[in-house]
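The structure appears below as structure tokens.
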Amino acid sequence: MDQYEKLNETEKKAFLAKLAHMYYELNMTQVEIAASLSTTRFKVSKLLQEARTQNVVEIIINRPNERLQEIEALLTEQFNLKAAIVLDTHVIPYDETIPTLGKLGATYLESIITDHSVIGVLWGKTIFNVIKHIKPQKKIPITAVQVLGAAAMDNPSVDSPELIQSLATIYGGKYKQLYAPLYIDNDYARKALLQEPVINDTLFLASKADVVLTGVGTVDAVFSSTLWTNYLTKNKHHDLISHKAVGCIYARLYDINGMSIDVDINEKVIGLDLNTFRQAKYTIGVASGTYKAEAILGALRGGFINVLITDDTTALKVLSLNDSDL
């Protein structure tokens, strides 16, 4: 055991796998393992914890009835969706909501992906959690593509360029990056960039996406995000409020009826337009939290997503808002 720190990374993982096999599959106690390896129970416990940290061991809890099919049916019917997946939050701890939605999203994504699928990927922690939980049974030649310019997130691991690489690696497929920022304020510079072959080629591929995976943002998040700081002046803030903007999807702002807001920032985006997103076979929106209910309702009414993955309290709030606004 004293030699463990001298092992290379591959050897360490092999040793941790051996240790995990003894504990989880052979049902040996930590004391028994320690005795067989001439070490202490404390060291065994520490290495078993490291095995989990290094993803050598994954604990999967198969909880019954995670989904609420009655609410799913209401959402599907009212908004003409291809599918709705609603998590029953009563069967999980609160802090497991986003990871569990990620698992449900991953399972759904795996069910619709086929050979040579083109998958458009947006950004954010929710999308990161979906991709993180994908466990394909086999490698599939998919292509993951960036559909909008990079958002320059504070955490690069949840930005589109990183996420498309992760998704492609998981499936053993390819990825196509869009080498551009999300917004360019200068009209001449933006039009010139869009004419560049490297940009044009990526956007052409993105326009052929079979699946688009996105989150749903609120206007409050837009106001508070460093991503928007350079673009939203006080006058633009006022414009959004006066136009009753409630949400942001595909980097465009819209109202509760799903109508795109007539503000110039919506025209500054480097990426696919809203109508092109609507043409994808599956546009999967993953979002959680009642504070997002108006944004989700607008996205559903606007036809920006045709698959919704959310939690029960958020889904009920969306349905309630829709009923009261009819």
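Any read-out appearing in this document is the output of simple, stated calculations on the displayed coordinates, not a laboratory observation. None of these values were measured; they are calculated from a predicted model. Cβ: placed from backbone, ideal geometry, glycine included. Neighbour counts: every protein chain shown.
For the chain, take the longest principal axis of its alpha carbons; what is the angle in degrees between that and the long axis of helix 69-79, to the nearest 10 within 0 to 90?
20 degrees
Remind me, relative contact order of the stretch 4-53 in percent, using alpha carbon pairs under 8 angstrom and six or more residues apart?
With pairs under 8 Å counted, the relative contact order is 35 percent.
Between HIS116, HIS133, HIS21, where does the largest GNM mean-square fluctuation fall for the chain, given springs only between Cα atoms within less than 10 Å?
Result for the chain, Cα springs under 10 Å: HIS21 fluctuates most.
Over the chain, what is the relative contact order in whole percent, taking alpha-carbon pairs under 8 Å and six or more residues apart?
Once divided by the residue count of the chain, the mean separation gives 17 percent.
Which label belongs to the value computed from this structure, given these candidates for Rg/Rh (Cα atoms, Kirkwood Rh): [x] 1.05; [y] 0.95; [z] 1.14?
[x]
Calculate, in nm to one decimal, what ASP201 and ILE112 gain on full extension: separation in residues at 0.36 nm each, minus their alpha carbon distance.
Residue separation times 0.36 nm, minus the Cα-Cα distance, leaves 29.5 nm.
In degrees, nearest 10, range 0 to 90: what is the angle between the Cα axis of helix 160-171 and the longest Cα principal axis of the chain?
It works out to around 50 degrees.
Report the antiparallel proportion of the DSSP beta bridges in the chain as a percent, rounded to a multiple of 5.
30 percent
Given +1 on the Cβ of Lys and Arg, -1 on the Cβ of Asp and Glu, and no further charges, what dipole in debye does the chain carry about its Cα centre, rounded to the nearest 20?
720 debye
Cut-off 10 angstrom, C-alpha nodes, Gaussian network model of the chain. Which of SER45, SER288, SER160 fluctuates the most?
Result: SER45 has the largest fluctuation of those listed.
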